[in-house]
Amino acid sequence: MNSLQGKTLFITGASRGIGLAIALRAARDGANIVIAAKTTEPHPKLPGTIHTAAAAIEQAGGKALALAVDIRDDTTVRDAVAQSVAAFGGIDILVNNASAISLTRTPDTPMKRFDLIFGVNVRGTFACSQACLPHLQAAARAGRNPHILTLSPPLNMRPHWFKDHVAYSIAKYGMSMCVLGMAEEFRSDGIAVNALWPRTLIATAALAMIPGLSDRLDGCRSPEILADAAHIILTRNAREATGNFYIDDEVLANAGVTDLSRYALKPGAPLIPDLFVD
């Protein structure tokens with residue numbers, strides 16, 4: 001099993017960046033992609049909308065359904081899932097990619113920002129998983145190898161990873177705890193639940209907006225490394241590969257891909273490690 005042809009993927013935050021890269025990789029197999037994201041009109045600083053993503057997916061060989069979704073709103077999520085099933089007949093894969101970031105210390109994190117990152121990261125991941133579950137269970141019964149893949153880090157309780165951005169760390173680990181619990185909860189259903197996280201910083205437009213990082217993109221890898229790693233994970237046997245906290249380069253190495261130079265924005269430049277990876 002090495003293709004996603006004919007599979008339906010519900011991908012949150014797929015209008016740009018990592019989510020779009022995962023969508024395009026699946027589209028090249030001939031997959032159906034649901035773009036569940038908020039951006040419907042061009043953003044002054046962030047390129048891409050759900051409509052430009054849909055066009056790119058269709059051009060890559062997939063079928064696309066562009067849905068304006070705020071994953072904090074569970075009613076909207078349920079409606080989007082229903083529209084996806086009506087369009088494609090089911091859902092085989094959920095990719096919890098959407099995430100809000102705030103690398104701020106406790107005194108510098110307004111409660112409105114706290115609520116945003118928890119609403120998107122934890123509530124959104126849980127709501128999408130819950131809404132997609134009946135369809136993933138149906139996919140398992142039909143032998144369609146269902147997966148949930150969440151873009152979140154390994155659970156690392158070192159204080160070092162909390163002290164400079166407590167709220168963000170808890171929110172990202174909340175996503176990872178969904179993986180930990182749901183992998184065991186849905187193991188008997190035959191639904192794989194895994195996490196994927198990059199070894200290095202990934203060059204995205206959102207990253208470039210973070211103060212102090214816009215001039216360090218040479219030390220990043222492209223989103224395509226996560227897209228290729230995700231493709232490998234999502235084509236694994238769901239009953240055998242679940243409950244894992246994968247790191248992108250380890251997934252590729254296990255698949256025999258050890259030359260990662262093509263993913264570097266500037267080959268030869270020192271790579272910047274991502275958060276939460278020792």
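With all protein chains in place and a 1.4 Å probe, the accessible surface of the range 78-135 carries 58 percent carbon and sulfur. For the range 1-103, the relative contact order works out to 33 percent when only alpha carbon pairs closer than 8 Å and six or more residues apart are counted.
Only Lys, Arg, Asp and Glu carry charge here, each on its Cβ (+1 for the first two, -1 for the last two); on that basis the range 5-100 has a dipole of about 260 debye about its Cα centre. Summary value for the chain: 19 percent relative contact order, contacts being C-alpha pairs under 8 angstrom separated by 6+ residues. Amide H contacts under 5 Å for A64: I33, restricted to partners 5 or more places along the chain or on a different chain, H placed in the peptide plane at 1.01 Å from N. Taking 0.36 nm per residue of sequence separation and removing the Cα-Cα distance, the T75/E224 pair yields an extension gain of 50.4 nm. Packing, taken as the mean count of other beta carbons within 10 Å per residue, orders the peptides 179-185, 265-271, 122-128 from highest to lowest as 122-128, 179-185, 265-271. Computed from point charges on the beta carbon alone (+1 for Lys and Arg, -1 for Asp and Glu), the dipole magnitude for the chain about its Cα centre is near 140 Debye. Assuming charge only on the beta carbon of Lys and Arg (+1) and of Asp and Glu (-1), the dipole of the range 179-269 about its Cα centre is about 140 debye to the nearest 20. Per-residue accessible area (protein heavy atoms, 1.4 Å probe) orders Y173, Y246 as Y246, Y173, starting from the largest. If the Kirkwood radius is taken over C-alpha pairs of the chain, then at 10 °C and 1.306 mPa s the Stokes-Einstein diffusion coefficient equals 85 µm²/s. Here's the picture: charge each Lys and Arg Cβ at +1 and each Asp and Glu Cβ at -1 in the range 166-278, and of Y263, A253, A192 the one pushed furthest to the positive end of that dipole is Y263.
Can you tell me the alpha carbon radius of gyration of the range 173-249 divided by the globular rule-of-thumb value 2.2 N^0.38 Å? Relative to the rule-of-thumb radius for its length, the range 173-249 sits at 1.31. The gain in end-to-end length when the A255 to A269 segment is fully stretched comes to 2.6 nm, 0.36 nm per residue minus the alpha carbon separation. Sort the range 87-211 into rounded, prolate or oblate with this rule: let a ≥ b ≥ c be the square roots of the eigenvalues of the Cα gyration tensor; rounded if a/c is under 1.5, and if a/c is not under 1.5, prolate when a/b is larger than b/c, oblate otherwise. Since a/c reaches 1.5 and a/b is larger than b/c, the shape of the range 87-211 is classed as prolate.
Scalar couplings 3J(HN,Hα) for the range 237-249, obtained by applying the Karplus form with A = 6.51, B = -1.76, C = 1.60 to θ = phi - 60°, are 5, 4, 7, 10, 10, 9, x, 9, 10, 7, 10, 3, 5 Hz; x denotes Gly and Pro. Computed FRET efficiency, Cβ-Cβ of A55 and R113, R0 51 Å: what is it to the nearest 0.05? Computed FRET efficiency for A55 and R113: 0.95.
For the chain, the antiparallel share of DSSP beta bridges with both residues in that region comes to about 5%.
Around the amide H of T200, modelled in the peptide plane, lie the amide H atoms of D274, all under 5 Å away and 5 or more residues distant in sequence or on another chain.
Distance between the 7 Å Cα→Cβ label points at D164 and L103: 0.6 nm. For the range 40-45, the Karplus equation 6.51 cos²θ - 1.76 cosθ + 1.60, evaluated at θ = phi - 60°, returns couplings of 9, 10, x, 8, x, 10 Hz by residue, with Gly and Pro reported as x.
Accessible surface calculations at 1.4 Å, restricted to protein heavy atoms, place the range 178-278 at 45 Å² per residue. A cut-off of 5 Å between modelled amide H atoms, ignoring neighbours fewer than 5 places along the same chain, links T8 with N32, D92, I93. The distance from the alpha carbon centre of the range 69-111 to that of the range 223-238 is 20 Å, rounded to a whole number. Ligands, DNA and RNA are left out, and with a 1.4 angstrom probe the accessible area of the range 18-97 is 42 Å² per residue.
Computed from backbone phi, the HN-Hα couplings of the range 136-152 come to 5, 5, 5, 5, 5, 5, 8, x, 9, 6, x, 9, 10, 10, 10, 7, 8 Hz, rounded to whole numbers (Karplus: 6.51 cos²θ - 1.76 cosθ + 1.60, θ = phi - 60°; Gly and Pro given as x). What separates the Cα centres of the range 30-52 and the range 154-211 is a distance of 23 Å.
The values are calculated or read from the model by the stated rules, or taken from the named source; none is laboratory data. Quick caveat: nothing in here was measured; it's all calculated off a predicted structure. Ideal geometry is used to build each Cβ from the backbone, glycine not excepted, and the neighbour counts take in all protein chains shown. Protein only, heavy atoms only, side chains kept; ligands, DNA and RNA dropped before computing areas. Shrake-Rupley method; radii C 1.70, N 1.55, O 1.52, S 1.80 Å.
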